Amino acid sequence: MTPADYDAWYRTPRGRWIGETEYALAARGLAAQPGDSLLDVGCGTGWFTRRAAADDLVATGLDPDPEWLDYARICSSPALSWVEGDARGLPFADACFDHVLSIAALCFVDDERRAVAEVVRVTRRRFALGWLNRTSLLYWQKGRHGGSGAYRSARWHTAREVREMFAGLPVKNLALRSAVFLPSGSGFAVRLERGVPGVLPWGGLLLATGEKT
């Protein structure tokens, strides 16, 4: 899949709904204020980075793939920053971002626990990290037998496994929420999403939020 093809999916009705639903869940967990700094780890084409910038956050996107970062630069304002780097060794000082965001990216990183520790290290205030949820309809549709399409080779996790990644790290008020319960994006799926509480652990995205201690 090319960066252009991937980004174009977010411009389809289903892709836009899923992206906005996932971002809204993360934004509630971060409770960021205009002018706060934010790092998007595993930003890819920068869709979530640009979305955060639209909320007046000072956003930086990080990804290991230079081709995808080039696409992100072309499609964004010069005010956004793009950095090539590895989530397992973030090229930033301790506590240098108010918030850190990552949506369904760490599940493609070898040694996710190390990447989580790095996220916590560079966070000053709050983080919102999303994983693909093994107890979801999306998993049964896209994740089994090694995954298909954009989900190929991704690791899918349960809520317990996500919580274990934060064991021993300097965090507090760790909370798990989920979103995208019916990934079809149909009218019924949209209505259901509005009425289902995010504390139910069956959405396609499993989001961990918390504070740096």
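Odds and ends about this structure:
- At R0 = 41 Å, FRET efficiency that the Cβ-Cβ distance of ARG114 and ARG191 yields, to 0.05: 0.55
- Selection among GLY168, GLY203, PHE48 by position relative to the dipole of the chain gives GLY203 as farthest towards the positive end (Cβ unit charges, Cα centre).
- Prolate/oblate/rounded call for the chain, Cα gyration tensor, a/c under 1.5 rounded: rounded
- Whether region 1-113 is rounded, prolate or oblate, judged on the alpha carbon gyration tensor where a/c under 1.5 counts as rounded: rounded
- Dipole check for the chain: with +1 at the C-beta of Lys and Arg, -1 at the C-beta of Asp and Glu, and the Cα centre as origin, the magnitude is about 860 Debye.
- Amide hydrogen proximity for ALA105: with H placed 1.01 Å from N in the peptide plane, the residues at 5 or more positions away or on another chain lying under 5 Å are GLY130.
- Taking the helices alone, the chain has a mean residue ellipticity at 222 nm of -9500 deg cm²/dmol, built from -39,500 (n - 2.57) per DSSP H run of at least 4 residues and averaged over all its residues.
- J(HN,Hα) series, region 85-91, from Karplus relation 6.51 cos²θ - 1.76 cosθ + 1.60, nearest Hz, glycine and proline x: x, 9, 4, 7, x, 5, x
Quick note: the coordinates plus some simple rules give every number you see, no bench work behind them. Everything numeric in this text was worked out from a predicted model, so none of it was measured. All Cβ positions, glycine included, derive from the backbone under ideal geometry; neighbour counts span all protein chains shown.
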